[in-house]
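Quick note: the coordinates plus some simple rules give every number you see, no bench work behind them. What you see is a predicted model, and the numbers here were worked out from it, not measured in a lab. Every residue, glycine among them, receives a Cβ derived from its backbone with ideal geometry; neighbour counts consider all protein chains shown.
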């Protein structure tokens, strides 16, 4: 079987721009980084990408928004990466495959494919996609190998559903009192932050300004932040 090839970019090309840790909101520098990714990426075998620190893997990730609520997810306890097992998340997305490069807007194409794999998207949702920034997690050797391109996906109705509820899906479906697969207000999502994955925590704290101590924020506190709207 042919090894899966994924998008990467040589770290040295980004060194001048990616000199931050954590979240960086969309601005002129982020726009330049996106242009660099679009023009200078290559595809290599995933096994090589996971082992070679000279490359950063580009990961389009999105949080899903309905009005003043976010879609909360919980990863399965048998996740391949130990640090993600049973963790809550507000993100879905993944690596960019070689097949995604057939479309001009490769980042958005890859994101839409990943979302279609994870969720049942009702046609009435009419999602709109906005690029809101980047996450560069330098807290671990694994985190350093990835660069997250962060999108906001806004839907018109709360009809998003996780695809199935079998062990092959990355996320748990809503069962009993489980909050996974539900739209949760920012105020109520606070209690899940301590058990979120690293990237979700970064987004909650550095984009939404939301911590355990800050419980009064609403979406109006960040709606005016710069973002690039994609269609």
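The alpha-carbon positions of the stretch 1-52 define a convex hull whose volume is 97 Å³ per residue. Exposure proxy ranking for 150, 29, based on other Cβ atoms within 10 angstrom of each Cβ and starting from the fewest, stands as 29, 150. Counting 0.36 nm for each residue step from residue 2 to residue 139 and taking away their Cα separation leaves a gain of 46.1 nm.
If the stretch 1-120 were replaced by its equivalent ellipsoid, with semi-axes equal to the square roots of 5 times the Cα gyration tensor eigenvalues, what would those be, largest first, whole Å? Intermediate values should be presented prior to the final figure.
Values: eigenvalues 112, 76, 51 Å².
They are 24, 19, 16 Å, listed from largest to smallest.
To the nearest Å, what is the center-to-center distance of the stretch 112-147 and the stretch 6-62, using C-alpha atoms only? Using only Cα atoms to place each centre, the spacing works out to 14 Å.
Given the Cα-Cα distance of residue 101 and residue 46 and 0.36 nm per residue of separation, how much length would full extension add, in nm? Numbers along the way, then the final one.
Values: separation 55, 0.36 × 55 = 19.80 nm, distance 1.58 nm.
Gain in length upon complete extension: 18.2 nm.
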